[in-house]
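Read-outs: derived from the displayed coordinates by stated rules, not from any lab. Here the structure is a predicted model, which is why all the values come from computation and not from measurement. Glycine gets a Cβ as well: all are built from the backbone with ideal geometry, and neighbour counts include every protein chain shown.
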Amino acid sequence: DVKVTQSSRYLVKRTGEKVFLECVQDMDHENMFWYRQDPGLGLRLIYFSYDVKMKEKGDIPEGYSVSREKKERFSLILESASTNQTSMYLCASSSGTPPYEQYFGPGTRLTVT
Amino acid sequence: SQELEQSPQSLIVQEGKNLTINCTSSKTLYGLYWYKQKYGEGLIFLMMLQKGGEEKSHEKITAKLDEKKQQSSLHITASQPSHAGIYLCGAEKSGANNLFFGTGTRLTVIP
């Protein structure tokens, strides 16, 4: 069974803290993605990666960075958390060949106070 | 840039009723994906459509892609409380292997 796991379901951090969100997939997928989801704005792509050590900016990369040192793991880093980064963060993975259906983790609800 | 518009934004139906959710694009869709999200959780892949006129079904859910490949509909027959959640359509970006998503349709099914 396909599985994408995220390190935390709920996280509360203070403004200015460095935050790490981790995602692991067990499907040997080439592609991995980080999204944030906000009411009324839908799902927005932050960063994605096509391969180990490769990363591409999505639609809203400002304030975030990523790391992919191993194929199965993709980390999202908030260098200095701010209140406007309070959101639901979703990780996904997909094969590098079509069809490109993405498999999602359960999400991390991050609150920055 | 291409966008996906979903309608309605929210829907409340009585258990047992049929319903339809639409997903419309201003440009040709290269691959259309339907997902369901339970409140506060991740997205679950339902089905994917590629060819104009294609139709797929899974249990009581049927998805169609029109001939022009610019609109897809998701139809639920005899809705149940277990169908409640947010339904999102996603489409492949041209020349890329990632997706962009509509803003979702929130479905409530009243027992």
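Tabulated results
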| quantity | calculated |
| --- | --- |
| Low-density loop cleavage sites - chymotrypsin sites (Phe, Trp or Tyr not before Pro) in the range B:22-107, where at most 11 other Cβ are within 10 Å (DSSP) | B:Y39 |
| Phi-based couplings in Hz for the range B:77-82 (Karplus 6.51, -1.76, 1.60; Gly and Pro marked x) | 9, 6, 4, 10, x, 5 |
| Trypsin sites (Lys or Arg not before Pro) lying in DSSP loop within the range B:55-99, provided at most 12 other Cβ fall within 10 Å | B:K68 |
| Fluctuation leader among A:T86, A:T15, A:T97 - chain A, Gaussian network, Cα springs under 10 angstrom | A:T97 |
| Rough spin-label spacing in nm, given labels placed 7 Å along Cα→Cβ, for A:N84 and A:Y50 | 3.1 nm |
| Residues whose placed amide H lies under 5 Å from that of B:N98, excluding near-sequence neighbours | B:K93 |
| From phi via Karplus (6.51, -1.76, 1.60), per-residue ³J(HN,Hα) for the range B:35-44 in Hz, x at Gly/Pro | 10, 10, 10, 6, 3, x, 10, x, 8, 10 |
| For the range B:17-100: rounded, prolate or oblate by the Cα gyration tensor [a/c cutoff 1.5] | oblate |
| Amide proton proximity set for B:S79, modelled H, under 5 Å, gap of 5+ | B:G16, B:K17, B:N18 |
| Candidates per GluC sites (Glu not before Pro) in the range B:45-83, loop by DSSP, up to 13 other Cβ within 10 Å | B:E59, B:E67 |
| Flagged links, alpha-carbon separation over 22 Å, of A:K55/B:K68; B:K69/B:K93; A:K3/B:K36 | A:K55/B:K68 |
| Nitroxide proxy distance, nm - points 7 Å out along Cα→Cβ at B:S10 and B:Q80 | 2.5 nm |
| Residue-by-residue Karplus 3J(HN,Hα) for the range A:52-60, coefficients 6.51, -1.76, 1.60, Hz, glycine and proline x | 4, 6, 10, 8, 9, 6, x, 7, 9 |
